[in-house]
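Here is the structure we will look at, set down as structure tokens.
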Amino acid sequence: MSALATNLRVVRALGMRSIRQTFRRPQLIAPIIVFPTLLLAIQTGGAGGAVELPGFPPVQSFLQFMLAGAMMQSLMLAGNSGGIALAVDIEMGFTDRLFSAPIPRFAIVLGRLAGTAALGLFGALWFLAIGLIFGAEIESGVAGALLAIVLVTASAMAVGGIGAAIALRTGSASVVQGLFPLVLVVLFLSSAFFPQELMIEPAQTIAEYNPLSLIVEGVREPMISGIDAADTLYAVLAILGIVALGLILSARALRHRLRVG
Amino acid sequence: MPAIAVEGLQRAFDEVLAVQGIDIAVDEGEIYGFLGPNGAGKTTTVRMLTTLLLPTGGRATVAGHDVVSEARAVRGSIGVALQEAALDPLMTGRELIRLQATLQGLPTAEGRRRADALLERVDLVAAADRRVGGYSGGMKRRLDLAAALVHEPRVLFLDEPTTGLDPVSRKTIWEEVRALNDDGTTVFLTTQYLEEADQLADNVGIIDSGRIVAEGTPESLKAEIGNPHIQLQLAAGSVSEAESILAPIGKLLPPKDGKKVLVEVENGAADIPRVVRALDEAGIAVESLELVRPTLDDVFVEKTGYHLEEESEENAEEAPVGA
Amino acid sequence: MEATLATPAWRANVATIGALMARSKNELVRVPGAAIPGVLAPTIFFLGLNGVFGALTQLNGFTTGSYESFIVPISMLQGAGFTGAAAGVNLARDIELGWLDRLLASPAPRWVLLAGTVLAASARALIPASFVLAIALALGAGWPGIDGLLVTFFMVAAMAAVAACWGSFLALRFKSQSAAPLMQAGMMALILTTTAYAPLALLQGWLQDIASVNPVTDVVEAARQGFVGSVTWADTWPGLLALAGLLAVLGTLALREMRRTGR
């Protein structure tokens, strides 16, 4: 059997494990789905009047605007949780077992990312459903919904790569878990929850340059108006940027772990 | 009035009866040993007597107060050192004893004075201001014991006080328990170590599967099983001759392995010279001689059909058959 | 023997509560870095919310142009909720470790044991509240006046007590730290389904309905007074009443669980 086929089988096996693990423990899914949903409800209810503000992009409702932000929050938490799961594997010694097997190191990380991607996908579907139930329309229809799903799932994997890198570097689940507040900070400093032009300085400027804003816009535009090539392109580039960062950090962390043991 | 009086005490957890109607009477100034394997119901019983758990049947009084209706009075009269050594790793030893004093209602100055005295008594003065998290297992037990004594309780409950300790630490705890008892404190201790019960307890209650299967002083329990016997390893072929010689001296028990003669004697070690002389006069060579006393494990086996401790496998072979 | 040394009951109870409160400070003081998340979290939320939703004050219905002034009391109350829930988590950990047995086997009344946990949380909540207030004032939030300050801090301490009762109830009921998310989420939902983000008139339909009946809305309004206007008794007493009611209900639940633990 060719090396590629073998590697794919390994990735698939680890991926299945990662996905099973993720969905077998509801108490882990709950914070990733429940917390952003709660926040979505509260922020939509509390700040919904914002749609009246001069300069607010034309939307059907604040909910329609916020869905992309909720998906973003959910996928960031999924990436964090994937990092925690990998760190737990490292602490338990499971990764040592994998490292001493004749499989390429990257298969291990890719397998873990499969679980994160599955969570990201679940989150995207969940919030699309919430939106539909509570009357938010997807302006660009099925195509827009599919695009959103693809971007969210890919972003989850990208962020998961960063989480994995941190897990590999520190080998500590509690360190990765402690980064959760940082996730929220980065989200607040993007256009996830509000149009960037209407944010208060210095948050506004930071959001302008935050790559997460590009991703959120790419997911949001199809929902509130239509699919825009430029927005989509920027979102993809941002995702690729994060993927690249994740790859570099993971590679270095892997080398470090194998050297240090 | 007994220090501890238990009648028909019962505790059910869902369908399971962990404690199935036990009766105990412990006099003031006594050390009572509650002996049994893991899961027998020892800890459950202690938790009921220390008001941490409600009985589902029967009644119990400790220091004259009912554990259900006068729980608070019971708590003021007892000292408790439980199996999990409920200690806070972030506190220092001194802080812990002082906190216990406050919980017991002692005035602050008095509490401090007693804490100092107790730390001295259990030899923890050097470690007193270090965090408990850094204490060894033996140190933690000593601290737990000291804290339990801060209000000079009439009755002390010790749940497996030496489990997991090295032999030296174990001896230290035993000495401390004896010293307390000399001062008049009643001690109710649970243990899975028969040596501990044998050494410390005035009275022993053997518990298995929630029932007391035997009760009495260690000596009387062992005497119930039978007298000690002498086990002799003789040269091959001399067994029947030896038996006929020893028959008048003691009661013969079935020989072992075809080479060992077992004779039960009434006076224990005092009968050894007679046995040896008799065999010597008959010209029978003795390869080895052992005086085997019944142990509490033998009592346990007798009452329950299985051993309390693994190490007593050997003893099982020498145990007299029938009593 | 015990009789000659027993102190009057009230004095013993006060001493016990004090000792338990002193113990609870060890978490913060003796574990390096443990205080940081609790202190930083409300501040992060404050800065984030302010940066994101600050423009809302342009809407009709806001009596202040400073969103900092509007939400700093929310962040302070959030800090109280977080601190109180954390007290519940600590109690759950104490139960798991067997520490609570020591307290339960002593003659200390059960309400005294609960009071130790709850009052400790109230005191601790003042730390993150002070921190976020300092940041907010530096960023231009209006000075609430001494009366406003006192009212707000009182509400914060009382809210922390409410949260601690809730956390303690769950801890005693489930005897496990895994109830922690429920402790935190419960308080978050309670505090944020109020006029937290905007005045009542600007809230969307369903949230407006909830906020109208949520007692914590009165607490929010009372805590916010000095920051958006002047302090009046009319705006204060509903908040006090709400807190008294919440303490009565959750405190009773928690005390009942404490009395029933193991028994």
> Restricting attention to region A:189-204, does a residue exist that is more than 11 Å from every other protein chain (Cβ to nearest Cβ) and surrounded by fewer than 20 Cβ atoms within 10 Å (Cβ to Cβ)?
Replying inline: no
> Within the set of pairs 6+ apart or on separate chains, which have a first residue in region C:15-35 that is within 16 Å of B:Val132 (Cβ to Cβ) and at the interface with another protein chain (Cβ under 8 Å from one of its Cβ atoms), a second that is among the charged types (D, E, K, R) and outside any helix (DSSP H, G or I), and C-beta atoms under 8 Å apart?
Replying inline: C:Arg23/B:Asp88; C:Asn26/B:Asp88; C:Arg30/B:Arg131
>> On the basis of being of a type outside the set (A, V, I, L, M), outside the structural domain of B:Glu264 (by TED's automatic domain parsing) and closer than 25 Å to B:Tyr306 by Cα, does B:Asp166 make the cut?
In response: no
>> Looking at B:Ile272 and the list (1) touching a helix residue (DSSP H, G or I) at 6+ places or on another chain (Cβ under 8 Å); (2) at pLDDT 85 or above; (3) within 30 Å of B:Glu196 (Cβ to Cβ), which single condition is not satisfied?
In response: (1)
>> I need every pair where a residue in region C:86-109 that is at the interface with another protein chain (Cβ under 8 Å from one of its Cβ atoms) has its Cβ under 7 Å from the Cβ of a residue that is of a type in the set (Lys, Arg) and surrounded by 23 or more Cβ atoms within 10 Å (Cβ to Cβ), sequence separation at least 6 or different chains.
In response: C:Ala105/B:Arg75; C:Ser106/B:Arg75; C:Pro107/B:Arg75
> Restricting attention to region B:64-90, and to residues there that are in a loop (DSSP other than H, G, I, E, B) and either buried (at least 20 other Cβ atoms within 10 Å of the Cβ) or touching a His at 6+ places or on another chain (Cβ under 7 Å) (or both), which single residue is nearest to the other protein chains (Cβ to nearest Cβ)?
Replying inline: B:Ala86
> Only one of C:Ala164, C:Ala160, C:Ala136 is buried (at least 24 other Cβ atoms within 10 Å of the Cβ), hydrophobic (A, V, I, L, M, F, W, C) and within 14 Å of another protein chain (Cβ to nearest Cβ); which?
Replying inline: C:Ala136
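Yes/no matrix, rows are residues, columns are (1) within 23 Å of A:Glu217 (Cβ to Cβ); (2) acidic (Asp, Glu); (3) buried (at least 23 other Cβ atoms within 10 Å of the Cβ); (4) touching a residue at least 12 places away in the same chain (Cβ under 8 Å):
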| site | (1), (2), (3), (4) |
| --- | --- |
| A:Ile19 | no, no, no, yes |
| A:Ile32 | yes, no, yes, yes |
| A:Phe65 | yes, no, yes, yes |
| A:Ala78 | yes, no, yes, yes |
| A:Arg97 | no, no, no, no |
| A:Pro102 | no, no, no, no |
| A:Arg105 | no, no, no, yes |
| A:Val109 | no, no, yes, yes |
| A:Thr116 | yes, no, yes, yes |
>> Just to be sure I understand, how many residues within region B:16-33 are small (Gly, Ala, Ser) and in contact with a helix residue (DSSP H, G or I) (Cβ under 8 Å, 6 or more places away or on another chain)?
In response: 3
> Is it true that B:Glu120 is touching a helix residue (DSSP H, G or I) at 6+ places or on another chain (Cβ under 7 Å) and of a type in the set (Asp, Glu)?
Replying inline: no
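Which one of these is within 11 Å of another protein chain (Cβ to nearest Cβ) and touching a Leu at 6+ places or on another chain (Cβ under 9 Å): C:Ala171, C:Ala180?
Within the list C:Ala171, C:Ala180, the selection yields C:Ala180.
Kindly indicate whether any position in region B:35-43 is in the same structural domain as B:Phe13 (by TED's automatic domain parsing), more than 15 Å from B:Arg211 (Cα to Cα) and part of a loop (DSSP other than H, G, I, E, B).
No, region B:35-43 contains no residue that is in the same structural domain as B:Phe13 (by TED's automatic domain parsing), more than 15 Å from B:Arg211 (Cα to Cα) and part of a loop (DSSP other than H, G, I, E, B).
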>> Among the listed residues B:Leu143, B:Leu99, B:Leu119, identify the single one that is surrounded by 24 or more Cβ atoms within 10 Å (Cβ to Cβ), more than 9 Å from chain C (Cβ to nearest Cβ) and either assigned to a helix (DSSP H, G or I) or modelled with pLDDT under 95 (or both).
In response: B:Leu143
>> Residue under question is C:Ala196, and the condition is that it be within 14 Å of another protein chain (Cβ to nearest Cβ), within 18 Å of C:Asn90 (Cα to Cα) and not acidic (Asp, Glu); does it hold?
In response: no
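Looking only at residues in region C:244-256 that are buried (at least 19 other Cβ atoms within 10 Å of the Cβ) and within 18 Å of C:Pro109 (Cβ to Cβ), which one is nearest to the chain's Cα centre (by Cα)? Before the answer, list the steps.
At the first step, the residues of region C:244-256 found to be buried (at least 19 other Cβ atoms within 10 Å of the Cβ) are C:246, C:250-251, C:254-255.
Imposing the further condition that a residue be within 18 Å of C:Pro109 (Cβ to Cβ) reduces the set to C:251, C:254-255.
Working: C:Gly251: 13, C:Ala254: 15, C:Leu255: 18 Å.
The extreme case among them is C:Gly251.
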>> Tell me which strands (runs of 3 or more DSSP E) are completely within region B:146-223 and hold 1 or more residues being away from chain C (no Cβ under 14 Å) and under 15 Å from B:Asp297 (Cα atoms), or say none if there are none.
In response: B:186-191, B:203-208, B:211-216
> Among the residues of region A:5-18, is any in a helix (DSSP H, G or I) and within 14 Å of chain C (Cβ to nearest Cβ)?
Replying inline: no
> Hey, among the residues in region C:209-243 that are of a type in the set (Gly, Ala, Ser) and exposed (fewer than 15 other Cβ atoms within 10 Å of the Cβ), which one's farthest from C:Gly148 (Cα to Cα)?
Replying inline: C:Ser212
> Can you name every residue in region C:139-152 that is out of contact with any Ser or Thr (no Cβ under 8 Å at 6 or more places or on another chain) and surrounded by fewer than 19 Cβ atoms within 10 Å (Cβ to Cβ)?
Replying inline: C:Leu139, C:Trp143, C:Ile146, C:Asp147, C:Leu149, C:Leu150
> Within region C:163-186, is there a residue that is under 13 Å from the mean Cα position of the chain (by Cα), within 28 Å of C:Pro109 (Cβ to Cβ) and either of a type in the set (Asp, Glu) or modelled with pLDDT under 95 (or both)?
Replying inline: yes
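The values are calculated or read from the model by the stated rules, or taken from the named source; none is laboratory data. Note that this is a predicted model, so its numbers are computed, not measured. Neighbour counts are summed over all protein chains in view; Cβ atoms, including those assigned to glycine, are modelled from backbone coordinates with ideal geometry.
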